[in-house]
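Scroll down for the structure; my scribbles are underneath it.
The values are calculated or read from the model by the stated rules, or taken from the named source; none is laboratory data. Bear in mind the structure is a predicted one, so any value in this text is a computation, not a measurement. So basically every Cβ, Gly included, is an ideal-geometry build from the backbone, and we count neighbours across all protein chains shown.
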Amino acid sequence: MATRPVRWGLVGATTIAREWMIGAIRDAGGEIVSVMSSDAARGKAYAKANGIPHSTRSLAALLGKDIDAVYVATTNDKHKAQVLAAAKAGVHVLCEKPLALKLSDAHQMVTACKAAGVVMGTNHHLRNAATMRAMRDAVAGGKVGKPLFARVFHAVYLPAHLQGWRIKDAKAGSGVVMDITVHDADTLRFVLGDEPVSVSALTQHGGMSGPGIEDGVMGVVRFKNGVLAQFHDAFTTHYATTGFEVHGSEGSLIGTNCMTQKPVGEVVLRNAAGEHKLDLMPENLYARSVSAFHNAVRGKGQPAATGEDGIRSMALAIAALKSAKSGREAAVEPGL
Ligand code: NDP
């Protein structure tokens with residue numbers, strides 16, 4: 001018997017949905033039923049432009065529309081109430097990162113979804129990248145020996161069309177740490193198969209963001225097994241390249257052009273035998289994330305990144321901000 005497509009409601013008429021997630025949901029066999037926007041005219045225009053049959057201003061109306069799942073991608077301050085409402089309505093949830101602004105809120109969201117028996121995923125796309133999966137396998141397979149260091153190069157230039165709440169509105173959850181460092185946190189945990197215990201970070205105001213909002217950061221994370229991981233994130237660098245490296249006792253993995261939304265990048269393993277490129281089978285990162293989510297909705301496996309993963313990535317970002325403020329190493333305390 002054919003399986004009915006997973007029916008989705010979009011919470012938020014957003015850029016990320018327009019640029020990536022609407023296509024990803026459809027590629028993964030899902031159907032988008034309706035979109036919710038706080039502005040009726042924008043919601044209607046967004047629905048029309050993206051071939052979505054309905055739009056609404058009301059979350060209750062969206063949740064009452066015979067849908068299986070919502071994709072919550074509003075500004076970060078709104079995620080909590082919307083996820084709690086979805087859980088209450090018995091609707092599965094894929095939520096954007098960071099899950100919330102406070103860890104206690106993220107815990108409430110995960111607990112509510114669990115209690116309601118609905119699937120909750122966090123949309124950390126990078127662990128779906130072929131580059132990251134190849135590095136994770138190489139580390140787990142002992143290809144670098146004992147992992148000692150990792151380096152994440154994730155300084156980008158925030159495109160003009162995204163230079164809104166991210167750099168101006170602290171209440172909405174602005175700043176590069178909650179925007180980009182959370183992704184580094186998830187990717188490091190995924191590739192290393194290890195958990196962070198503490199972090200030291202320094203933030204920067206490089207001229208793009210509003211007062212009190214950081215637009216650059218550098219830091220070092222200490223992991224349980226002793227690995228030190230350096231990260232560099234920014235909104236302000238036009239010409240930097242992205243990358244992800246793991247350096248171990250027997251080899252190094254050099255991932256280039258891989259901290260990105262696109263299915264691109266390569267990974268080289270360097271060791272006593274020389275250098276060789278790892279074989280990769282690139283796929284759309286977001287479509288892979290949605291496919292795993294669809295399977296989880298059907299009772300098969302888990303989302304690529306769970307709600308708990310979302311709590312853990314937030315915990316590292318929050319500790320980095322705490323460290324930058326205090327000038328001291330800060331403990332990473334997800335409370336799980
Ligand atoms: P947007 O700025 O596009 O959308 C956020 C909210 O702003 C929307 O919910 C919308 O309100 C409002 N909005 C959108 N366009 C307009 C407009 N033209 N005029 C007035 N208001 C507008 O956010 P993003 O798509 O960049 O990010 C949304 C979420 O997704 C965030 O949590 C972010 O961290 C996350 N994200 C995740 C990525 C990933 O790869 N995992 C990548 C990018 C973002 P309304 O819905 O009420 O219409």
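Going through the range 66-88 one residue at a time, which ones are outside any helix (DSSP H, G or I) and surrounded by fewer than 16 Cβ atoms within 10 Å (Cβ to Cβ)? Steps first, answer last, please.
Filtering the range 66-88 down to residues outside any helix (DSSP H, G or I) leaves 66-75.
ASP66 - this is the single residue of the range 66-88 that is outside any helix (DSSP H, G or I) and surrounded by fewer than 16 Cβ atoms within 10 Å (Cβ to Cβ).
Which ranges mark the strands (runs of 3 or more DSSP E) fully within the range 189-256 that have 3 or more residues being closer than 17 Å to ARG312 by Cα? Before you say what the answer is, go through the steps one by one.
On the way: elements: 196-204, 216-223, 228-234, 243-248, 251-256.
The qualifying strands (runs of 3 or more DSSP E) are 196-204, 216-223.
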All but one of (1) away from the ligand (no atom under 16 Å from the Cβ); (2) at positive phi; (3) in the same structural domain as HIS205 (by TED's automatic domain parsing) hold for GLY173; state the number of the condition that does not hold. (1)
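Quick one: in the range 12-51, which of the residues that are in contact with a Pro (Cβ under 9 Å, 6 or more places away or on another chain) and not in a loop (DSSP other than H, G, I, E, B) is farthest from VAL290 (Cα to Cα)?
Here is the first cut: in the range 12-51, the residues in contact with a Pro (Cβ under 9 Å, 6 or more places away or on another chain) are 29-34, 47.
Filter once more, keeping what is not in a loop (DSSP other than H, G, I, E, B): 31-34, 47.
Working: GLU31: 12, ILE32: 13, VAL33: 16, SER34: 17, ALA47: 20 Å.
Within the range 12-51, the match that is farthest from VAL290 (Cα to Cα) is ALA47.
Looking at ALA28, ALA24, ALA17, ALA47, can you tell me which residue is buried (at least 20 other Cβ atoms within 10 Å of the Cβ) and more than 15 Å from the ligand (Cβ to nearest atom)?
On the way: ALA24 fails: more than 15 Å from the ligand (Cβ to nearest atom); ALA17 fails: more than 15 Å from the ligand (Cβ to nearest atom); ALA47 fails: more than 15 Å from the ligand (Cβ to nearest atom).
Exactly one of ALA28, ALA24, ALA17, ALA47 is buried (at least 20 other Cβ atoms within 10 Å of the Cβ) and more than 15 Å from the ligand (Cβ to nearest atom), namely ALA28.
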Name the residues in the range 85-114 that are farther than 16 Å from LEU336 by Cβ and within 16 Å of the ligand (Cβ to nearest atom), would you? ALA85, ALA86, VAL93, LEU94, CYS95, GLU96, LYS97, LEU101
Any residue in the range 52-60 that is within 13 Å of the ligand (Cβ to nearest atom), buried (at least 17 other Cβ atoms within 10 Å of the Cβ), in a helix (DSSP H, G or I) and under 16 Å from the mean Cα position of the chain (by Cα)? no
GLY117 being surrounded by fewer than 21 Cβ atoms within 10 Å (Cβ to Cβ) and either at positive phi or within 13 Å of the ligand (Cβ to nearest atom) (or both): yes
